[in-house]
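Data block below; observations after.
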Amino acid sequence: MKSLLRLLPLIPLILAGTFSVSGVSAQPTGENTMNSKPRLRGVQLYTLRAEMDRDLAGTLEAVAAAGYRQVEFAGFFGREPAEIRTLLEAQGLTAPASHFPLEQMEADFASVIAQAKALGSQYVVLAWLEQGRRSAADYRKLVQNLNHWGRLCRDAGLRLAYHNHDFEFVETDGFIPYQLLLDGSDPGLVSFEMDIYWMHKAGQDPLDYFARYPGRFPLWHLKDATAAGTMADVGLGIIDFPALLAQAEKAGLEYAFVERDDAAAPLQSIRHSFETVTSW
């Protein structure tokens, strides 16, 4: 009885997971703790767009079976986000980020917010600008829109992010568009999803951006490149991902999504990339 009484003050600590016995901490571990390594168990479903279009539920099952725990959408394949969320939950998956088209953002941003929340996403991502929307005036207007949409996302409990390709590094009217977007957007409202392949394709060093803009890159796309510059499964190219991941904390990384736009065998591709990523 006396021993039990002596343990009573420790019960809150034990329940909180912070009590240590013989120097072994009972602090919980795993991908959801603050001190765990960056979340590397995500896949961008654009890689599997044909499979998703044919059999959405079956493809999500295969994604989960491959070991992934997070997915990122780029379109909803004719389904309602709430319906998709039910399918995700059945497979133990979440969708922390989703891509939305510029046209929808401009025409009806309220619908963007509603769909993201129905899906359970944290990040609303603008992922593409058509060729005709890349003028100097377009980019300057986009900076204003990103700040406005970022404020709307913040007020809704979400976060806005911009995803790059390589065209944002083509000088336009005396400026580099990516630089304009970074410098002109409010860090408190607008984040960036860095596509590592497209940074490499554009001849840019992600580490330089992590150092200059710490904390602005919570989302990454892990997509490898061959020496010839074509896309490859992660681990079959020349990009030094472990070196980049060593700076993940500085970058602000929260979610990394494997992707390969042109995979001939998409399911095989994501399985190989998963094996590589989880070996780091």
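For the stretch 209-280, the pair-distance distribution built from all alpha carbon pairs, in bins 10 Å wide starting at 0, is 20, 48, 28, 3 percent. In a DSSP loop and with at most 14 other Cβ atoms within 10 Å, the GluC sites (Glu not before Pro) in the stretch 145-228 are Glu171. Fully extending the segment from Ala136 to Tyr213, taken as 0.36 nm per residue of separation minus the present Cα-Cα distance, adds 25.5 nm. Measuring nothing but how far apart in sequence close Cα pairs (under 8 Å, 6+ apart) lie, relative to its length, the chain scores a relative contact order of 17 percent. Per the Debye formula on identical point scatterers at the alpha carbon atoms of the stretch 158-263, with no solvent, log10 I(q)/I(0) at q = 0.15, 0.18, 0.19 Å⁻¹ is -0.60, -0.87, -0.96. Here the stretch 38-277 is treated with +1 on each Lys and Arg Cβ and -1 on each Asp and Glu Cβ, and its dipole about the Cα centre works out to around 480 debye. Between the stretch 204-264 and the stretch 119-154, the alpha-carbon centres lie 21 Å apart. When the alpha carbon gyration tensor of the stretch 113-193 is reduced to an equivalent ellipsoid, its three semi-axes come out at 24, 13, 10 angstrom, largest first. Once the chain from Ala82 to Ala228 is taken as fully extended at 0.36 nm per residue, the excess over their C-alpha distance is 48.4 nm.
Spread over its residues, the convex hull of the C-alpha atoms of the stretch 38-277 is 119 Å³ per residue.
Bear in mind that the values in this text are calculations on the coordinates, not laboratory data. These figures come from a predicted structure and were not determined experimentally. Counting neighbours? That spans all protein chains shown, and the Cβs are built from the backbone with ideal geometry, glycine included.
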